[in-house]
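Here the structure is laid out as C-alpha cells; the discussion comes afterwards.
What follows draws every value from the coordinates through simple rules; no lab data is involved. Keep in mind that what you see is a predicted model, and the values were worked out from it rather than measured. Heads up, the Cβs are rebuilt from the backbone with ideal geometry, glycines too, and the neighbour counts pull from every protein chain shown.
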Amino acid sequence: MDYIKMIRSIAGSQPLILTACSVVVLNEKNEILLQHRTDTNNWGIPGGFMELGESVEESARRELLEETGLTVGKMKLYTVFSGEDFYFTYPNGDEVYNVIVSFVSRDVSGELVADHEAHELRYFALDALPEEMIPTSRLMLERIKQDLNQGRI
C-alpha cells in the first residue's frame, strides 16, 4: 500500500497537508510542458506527491520520468508554493493542502510519453495556456510567467 492510500485509509477524505514536487520544464521557446490529467480532466504541471524516504529532488525527478518519459538533467530549485491558495478537492472528494516544491529545468532528455495519469502532454506558450486548468497550476503559472518576463528564470 502506498503512503497516501495508507493515510487515506485512516483519515478518509478530510484535509491533509501533503508535500508534492514538480519540475517546470521549459523549452527553447520558453514554452512550458503541461499534462492533461486523467484524475481531474484538467491541464496541469507534471508532478506528484513524495513517497516515504525520498528527497524532494528524487521525487521531482521520479514524477517527471513517470508522467512524461523525460529524464531531467540539471534542475534548479524554483520556489515552494503553499497556503490557502493551494487547497484542492479532488473529484473523489479527497481534500489536500498542497506544499509544492517546484524546480525548473531546460535540461531534459527522452521522448514524451504520456502514462496512465495523462491524456496528453504538450508544450504551451505562457500567453496561450489552456482554459481548463487545475487552479493550483494556474496560480503557479502566473508566478512563472511573471518571473520569466522579469528574467528571474
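Determine whether ARG37 is in contact (Cβ under 8 Å) with a residue 60 or more places away in the chain, of a type in the set (Lys, Arg) and surrounded by 12 or more Cβ atoms within 10 Å (Cβ to Cβ). Yes; evaluated as a whole, the condition is true for this residue. Taken together, the residues in segment 33-76 that are of a type in the set (A, V, I, L, M, F, W, C), out of contact with any helix residue (DSSP H, G or I) (no Cβ under 8 Å at 6 or more places or on another chain) and closer than 22 Å to TYR123 by Cβ amount to 3.
For every residue, the table says whether it meets (1) in contact with a strand residue (DSSP E or B) (Cβ under 6 Å, 6 or more places away or on another chain); (2) among the aromatic types (Phe, Trp, Tyr); (3) over 22 Å from ASN149 (Cα atoms).
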| site | (1), (2), (3) |
| --- | --- |
| LEU34 | yes, no, no |
| ASN41 | no, no, yes |
| MET50 | yes, no, yes |
| SER55 | no, no, yes |
| THR68 | yes, no, yes |
| VAL80 | yes, no, no |
| PHE88 | yes, yes, yes |
| GLY93 | no, no, yes |
| VAL101 | yes, no, no |
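Of the residues making up segment 1-34, those that are β-branched (Val, Ile, Thr), surrounded by fewer than 18 Cβ atoms within 10 Å (Cβ to Cβ) and closer than 21 Å to PHE103 by Cα number 2.
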